[in-house]
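This report refers to the structure that appears directly beneath it.
The values are calculated or read from the model by the stated rules, or taken from the named source; none is laboratory data. Predicted model only: the values in this text are computed from it and were never measured. When we count neighbours, we look across all protein chains shown, and the Cβ atoms used for this are built from the backbone with ideal geometry, even at glycine.
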Amino acid sequence: MTKCMSTGADDLQRYTHALQERVKELECLYAVARITGQAELSDDALKAILQNLAKAYQYPQVTYAKVELEGRVDQTDNYRTTEWRQRSVIQADGRDFGFVEVGYIEPRPDEDEGPFLKEERDLIDAIAGLIASYASRGRDRAKLVESEVQLRHLADAMPEILYRGSGSSDSKLTFVSPAVVRLLGFTPDEWLQGRERWVHQLHDEDRDVVLRELAAARASPDVEFFTTEYRIWTKDGKTLRWVRDSQHIERDQEGNVVSWVGVVSDITDRKHLEQELQKAHRRKDAFLATLAHELRNPLAPIRNAFALIRRGGDRPEIASKALEMGERQMGQLVRVVDELLDAARISSGKIALHLEWVSLRSVVEHAEESSRPQIEAGKHQLTIELPESEALLQADPLRLAQVLSNLLNNAAKYTESGGRIHLAARIVASDQALVIEVRDNGIGMAPDVLPTIFDLFLQGARSRHRIWQGLGVGLPLARYLVELHGGRLAAASDGPGLGSTFSIYLPLVATPAQAIDGGGEASVAPNPLRLLIVDDEKDVADSTAMLLREDGHEVEIANDGTTAIEMALARPPAVVLLDIGMPGMNGYEVARRLRAERELDATWLVALTGWGQEQDRRRSEAAGFDQHLIKPVNSETLEALLGACSASRC
């Protein structure tokens, strides 16, 4: 009986001891779980884990604990190398972060049961698991921190303003990127002070519209994205920027605004470009309307001239007036086409100068002669003032005369009837420059017109005063030609109604001793020549032949390239007037074949064509043409050409 009672007491004691050990283990697990649940596992926290772990073992006075975690190593003060130890790896997501180790610095009294009990082995594994859970979370936290840092760096580098807000109130901005400094001049802290800052900077014309659109977007539960464009002032109030503001609105299940994120992009350059494109579009429409008007205007009197000639053939005075009218209007049509070609050359930069020594006086006389009809039509008084000594220029005489003629025409166009136009030239010795001014007492120009006065196809607000029509090419062409000569062209006006002044500044170069004089040889009247006209347009060929036969020339006609070659070889002509754009064998091929024939070495080949670009002239020269004339060719030009051929005994 006594023995049974003793055995029961021993069992109870062992059970109580085991229960106490389990309580110690649970307390250790709870303490370690609380420690590893912290955001940061400090060195002190690691020491606390080791102390709790050592005390949880059956013989804490001879137990040490050690941990290695991602390169950090710590152990209890009584640590020493021993053979009685157990180790559990700290492992998570397939990665080893370190280990936890527990050992005895001397053998256990009950070593017969093994160095460690099963419960103790389970405990160290549980502790390693808790530390591994912390390490995994720490790794995720590190990734999150790294991601946030990268996002911050990205936000700092982006030219756009990134912003974030929370709550249903528009005034609670929580973040704005540093781009707000570059774009608007405010620091992020200044911009986060409140919604009123943003509202105050909005342009007066945009403020109410933007606020109304934003309020409507926030109030609509279905709106997730909101984008608008508006103008906003910089902090100093000196710069107005166009921006595009795009927001993503986050809502709860009831549709209430929870937060929002947005991007503000600077679209100032794009808006300016759009405005320029709109201006160009309007300018194009105005140009096309003007072009249609310019082309139709001469056609009516030309048609009337033909009708008068047909009806009044037996009345010379009517036929004579009709012919004068038709020639005048034909000249107007040619001028329109020439302006179009010049506009194309300006755009492509393909105008070439043919420089030579030329007299300023001869250039001015040529320009005056060209502009005389417009000046007389406006009943203007033209005065010219030139230097007393003859001024020689190295210039393209035709192009420089065209510049002066364009300026004189412009003055006549924008001066009321009976106005005064003054052309004056002077040499500025100190600057080695020639200054030519064209002044008028016309309608003048407003300050906002001056910056665009040389834009192509632009007539501007002055167009309502126009007397003579035009495509808006004259002034751009004049400036372009002056710049090709190494000079510059400037416009000035004191305002509307106060006239305008256009000033040309041309550099002067030293005149060589052998410079030509301002005169020229008189044109030679042509002797009768044998001519061959080649053109697939029968009316063009027939009408040209009629004119030349009236001058006494012997003329033959071919309407295709093959026939032309046969006729030229049968009776070699002095001059072949050859169209280029013919079907089948074109003019270039015909010219090459004619140049291959020795019996035609003395024949002049003249391109008579509508193709007048610089590359067309070079191609004509390469094919063997001697001259390149642009349709329609007036009779004086053709007579001068044939006179030169006659004088050379071609």
Output for Cβ contacts, cut-off 6 Å, separation at least six or different chains, first residue free of Cβ contacts under 8 Å to residues at least 40 places away in the same chain and farther than 24 Å from Gly643 by Cα in segment 551-568, second assigned to a loop (DSSP other than H, G, I, E, B) and acidic (Asp, Glu), reads Asn559/Asp536
Taking first residues from segment 201-226 that are assigned to a strand (DSSP E or B) and second residues anywhere that are surrounded by fewer than 15 Cβ atoms within 10 Å (Cβ to Cβ), the pairs with Cβ under 7 Å that are 6 or more apart or on different chains are Phe225/His248
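Of all residues in segment 345-381 being aliphatic (A, V, I, L, M) and not in a helix (DSSP H, G or I), which is modelled with the highest pLDDT? Show your work before the answer.
Taking segment 345-381 first, the residues aliphatic (A, V, I, L, M) are 346, 351-353, 355, 358, 360, 363-364, 367, 375, 377.
From what's left, not in a helix (DSSP H, G or I): 351-353, 355, 358.
Numbers: Ile351: 72, Ala352: 72, Leu353: 77, Leu355: 79, Val358: 85.
Ranking the candidates gives Val358 first.
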Item to complete: Report whether or not Leu41 is farther than 24 Å from Glu119 by Cβ and touching a residue at least 60 places away in the same chain (Cβ under 8 Å).
Response: yes
Here, helices (runs of 4 or more DSSP H) confined to segment 539-650 with at least 1 residues that are under 47 Å from the mean Cα position of the chain (by Cα), surrounded by fewer than 16 Cβ atoms within 10 Å (Cβ to Cβ) and at pLDDT below 80 are 614-623, 635-647
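Can you name every residue in segment 63-103 that is part of a loop (DSSP other than H, G, I, E, B), modelled with pLDDT of 85 or more and surrounded by 12 or more Cβ atoms within 10 Å (Cβ to Cβ)?
Those that are part of a loop (DSSP other than H, G, I, E, B), modelled with pLDDT of 85 or more and surrounded by 12 or more Cβ atoms within 10 Å (Cβ to Cβ): Thr76, Asn78, Tyr79.
In the set Ile249, Ile267, which member is closer than 26 Å to His200 by Cα and crowded, with 18+ Cβ neighbours inside 10 Å? Steps first, please.
Details: Ile267 fails: crowded, with 18+ Cβ neighbours inside 10 Å.
Criteria check complete, one pass: Ile249.
Here is a yes/no grid of residues against (1) farther than 24 Å from Phe175 by Cα; (2) modelled with pLDDT of 85 or more:
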residue	(1), (2)
Gln201	no, yes
Ala215	no, yes
Arg218	no, yes
Gln247	no, yes
Asp266	no, yes
Arg270	yes, yes
Ala280	yes, no
By residue number, the members of segment 104-117 that are under 16 Å from Ser88 (Cα atoms) and either at pLDDT 75 or above or outside the structural domain of Val32 (by TED's automatic domain parsing) (or both) are Tyr104
